[in-house]
Amino acid sequence: MASSPSSDISKKLCLDESLWANCGQWIKNARLSAAKRVEGQGLPKRRDEYWNYTRPDAFLKEKIDFDVVSNKSFDIFSNNLSTVIDYEDGVLKEKKLPVIPGCSIESLQDAAKLDEHWAGAVYGVPEAAGQDPVKRSLAALNTATASQGLLLLVSGKVKNPIKISAVSNGSIDSTIHHIVKVKPGAEVTLIETGHYGARANVVLEVEVEKDGSFHHIRVQDGQQHNSLTHIFGRLGSNSTFKSFTLSVGGTVTRNECILELLGDSSSATVAGACIGDDKFHHDDTIFVTHGAPNCESRQVFKKVLRDGAVGVFQGKILVKEGAQKTDGYQISQSLLLDDTCQFLAKPELEIYADDVVCSHGSTSGAIDEEALFYLRSRGVPKTKAIDLLTLSFIAESIEEVENSELADALLMYLTAVLEVR
Amino acid sequence: MLEIKNLHVQLEEEDKKILKGVNLSLEAGKVHAIMGPNGSGKSTLSYVLSGKKGYEVTAGSAHLEGNDLLAMAPEERAAAGLFLAFQYPVEIPGVGNMTFLRSAVNSQQKLRGEPEMTAGDFLKAVRAKAQNLKIEPDMLKRPVNVGFSGGEKKRNEILQMAMLQPKMCILDETDSGLDVDAMKLVSQGVNALRDKKRTFLVITHYQRLLDHIKPDIVHIMAAGKIIKSGGPELALEVEKNGYADLLEETA
């Protein structure tokens, strides 16, 4: 049987010589087993249950026939004291990475040269675990082929956020794989802004150990580009994981987040908001597994769509047997600014424990006429009033960001984005 | 200031006539009150004047200082000097009260082609006016009307009025949901804005608000028409005898 063109792509990528030359054993092992996962599972097809609403083509096509333009007009978080690491066209720009207390920062390409590394116990591990029960072959392909990424080993409470600022212009196809390991009691905030390429396949693997805490804030902007991101998180007891993504650019974006609450009393929040027009297609696919008792998880998503844009939300809470006293919450809402756009939502709950609280809700609505009239009656012009109400709609998801300075920066950024829309 | 002539209004969605020929002439510097039983069309009149959707004007006109109100968008009416204090002020989560006030003030100045107020002047003005209305600084930071008590919401309406400095203020059942103290506070706020160039139209069910905001002229509205106009004593008459007598009188 002739193999499909897309499996050729994955094979070709996995066999790329540069991935194996001058590389240490740990990364070779990780790439090899990931390549096997890709081969065994095959790449996503439209008829796969979780690719029903988003065509995988954008991420499978061999060639990229468009350019991306970086959005430099809004420099978000520039006032927030942070350690900044730049990526340009999917490649780490810094020759020397910052040295900060409580966290070691290394590049994947440097670590890959060593035969042994702590990352060997993390790289590809949450991703491999996250392949069951839903296959995520493009994440495995990322593990097998990524040569760029950061490895953060967090051992203390890191005061200032670490910010990755990515810019890219042209038709770069980039594969990025970051790893974060938060040691017991340690704490870090990771910010990601911009986009890594005209097409990007980004994996972020996070292990949060006992009492640790990981905060992630991401802003996806820039002109047309296709981004596929996966966050794989595994939480130890009494740990905290919070991720918020604001998407204000891009063409096809699929953000997957796969979290496993493995330790007692851990808490996870995944939230996001997006605004888009026209060919904007934005997909959040979330899978939260409660594998221990007394854990809490929240999913809060808001999508503002206009002029034919499409929003997708596939959110699942799986409560395993024995995960008693689980508190699971999920809300996905869309604000449809005209009747040409679509919001496709698939909330799922699967519960095998009998003493749990899980709730989910999903709504689609237009601008509230009563509120619009109220604002206009005060002299606010219609377009500005719609912007304010859009901000109001999204604000609830930004409230999930714990750091109020960063939350304020997000609101200000959003205000600026809306003004030029 | 405001001239309403033979105003006929019906609901857009259904064939229901609400205003059946309202005539009102409000002079600058005067406080007019409209009283009337439930369903007489008082609130509809305030909505039609401020440009709410859902109403169809089938006849008549409304002019503010000679400008055709009915031809303007709600924001243009506001910039022309019209202000409606809502019976039920709307909650807007996620938008700070201050941000909202600032955009309202700036938008109106922009629409009128006036220079924008500086951030410093604006802040100073808001703080002073908020203090007069016993509005805590915290209320200015909170999202618009979210978690405000009934009294706080109404004081917030008056704060907006004080900041926007409209020429023509319509108060739609501002007394509803207020206890005596809150009503006094709101009334003081309104009275502080009384001015020989500013006109008020106070819509209410009850006389008690008019004890605090003393009207020059009182109109009684019933079944979509002004059925009687008079001095402040008319309000007292209604308080004493209800609307029934008046309705019979004009029937």
Handout entry: Relative contact order (percent, whole number), chain A, Cα cutoff 8 Å, 6+ residue spacing
Key = 11
Exercise for the section: Can you spot the aspartates and glutamates whose alpha carbon is less than 18 Å from B:Lys184's alpha carbon? Ignore those fewer than 8 places along the same chain. Expected result: B:Glu136, B:Glu152, B:Glu157, B:Asp172, B:Glu173, B:Asp175, B:Asp211
Problem - For the range A:115-220, convex hull volume per residue from C-alpha positions, Å³ - result: 115
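Would you mind checking the pairs B:Lys30/B:Lys240; B:Lys5/B:Lys134; A:Lys96/A:Lys279; A:Lys302/B:Lys42; B:Lys153/B:Lys196; B:Lys5/B:Lys30 and listing those with alpha carbons more than 29 angstrom apart?
From the list (B:Lys30/B:Lys240; B:Lys5/B:Lys134; A:Lys96/A:Lys279; A:Lys302/B:Lys42; B:Lys153/B:Lys196; B:Lys5/B:Lys30), the Cα-Cα distance tops 29 Å for B:Lys5/B:Lys134; A:Lys96/A:Lys279; A:Lys302/B:Lys42.
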Practice task
Please average, across the residues of B:90-98, the number of beta carbons from any other chain that are within 10 Å of each residue's own beta carbon, and give a whole number.
Solution key: 6
Practice task
Give me the accessible area per residue for the range B:44-102, probe 1.4 Å, as a whole number in Å².
Solution key: 34
Problem - For the range B:61-104, alpha-carbon Rg relative to the globular expectation (2.2 N^0.38 Å, N residues) - result: 1.42
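Relative contact order of chain B, please, whole-number percent, based on alpha carbon pairs below 8 angstrom and at least 6 residues apart. Walk me through the numbers on the way to the answer.
Working: 451 pairs, mean separation 71.9, N = 251.
Relative CO of chain B lands at 29 percent.
May I ask you to give the percent of accessible area on the protein assembly as shown that is carbon plus sulfur, with a probe radius of 1.4 Å?
49
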Completion exercise
Result for the range B:112-238: accessible area per residue, probe 1.4 angstrom, in square angstrom, of 45
Fill in the blank from the handout: Interface B-A: total buried accessible area (1.4 Å probe, Å², nearest 100) of 2000
Exercise for the section: Starting from the Cα of A:Glu62, step 7 Å along the direction of its Cβ; do the same at B:Arg208; then give the gap between the two resulting points in nm. Expected result: 8.2
Exercise for the section: Anything losing 40 Å² or more of accessible area from the isolated chain to the full protein assembly: pick those residues out of the range A:347-375, probe 1.4 Å, ligands and DNA/RNA ignored. Expected result: A:Glu370, A:Phe373, A:Tyr374
Exercise for the section: Could you bin all the Cα-Cα distances of chain B into 5 Å bins starting at 0 and give me the percent of pairs in each, rounded to whole numbers? Expected result: 1, 6, 13, 17, 19, 17, 13, 8, 4, 1, 0, 0
Completion exercise
Cα-only Rg/Rh for the protein assembly as shown with Kirkwood Rh rounds to 1.09
Problem - Candidates per GluC sites (Glu not before Pro) in the range A:308-352, loop by DSSP, up to 12 other Cβ within 10 Å - result: A:Glu321
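What translational diffusion coefficient, to the nearest whole µm²/s, does the range A:242-385 have by Stokes-Einstein, given a Kirkwood radius computed over alpha-carbon pairs, a temperature of 25 °C and 0.890 mPa s viscosity?
151
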Handout entry: Cleavage-rule hits (GluC sites (Glu not before Pro)) in the range B:111-179: DSSP loop, at most 16 neighbouring Cβ within 10 angstrom
Key = B:Glu116
Handout entry: Calculated over the range A:299-380: convex hull of Cα atoms, volume per residue (Å³)
Key = 97
Practice task
Can you pull the one-decimal nm distance between simple spin-label points at A:Lys45 and A:Ala353, each 7 Å off the Cα toward Cβ?
Solution key: 3.7
Exercise for the section: Starting from the Cα coordinates of the range B:22-116, work out the convex hull volume and express it per residue in Å³. Expected result: 144
Handout entry: Rg in Å to one decimal, and Dmax rounded to a whole Å, for the range A:238-296 via C-alpha atoms
Key = 14.2, 44
Completion exercise
D (µm²/s, integer) via Stokes-Einstein for the range A:157-290, Kirkwood Rh across alpha-carbon pairs, 20 °C, 1.002 mPa s: value 142
Problem - Partners for A:Lys36 among lysines (Cα-Cα distance below 23 Å; same-chain residues under 8 apart left out) - result: A:Lys11, A:Lys12, A:Lys28, A:Lys45, A:Lys61, A:Lys113, A:Lys135
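The values are calculated or read from the model by the stated rules, or taken from the named source; none is laboratory data. The structure presented is a predicted model; accordingly, all values stated were derived computationally and were not measured. Counting neighbours? That spans all protein chains shown, and the Cβs are built from the backbone with ideal geometry, glycine included. To get the accessible areas, we keep the full protein, side chains included, count just its heavy atoms, and leave off ligands, DNA and RNA. Shrake-Rupley method; radii C 1.70, N 1.55, O 1.52, S 1.80 Å.
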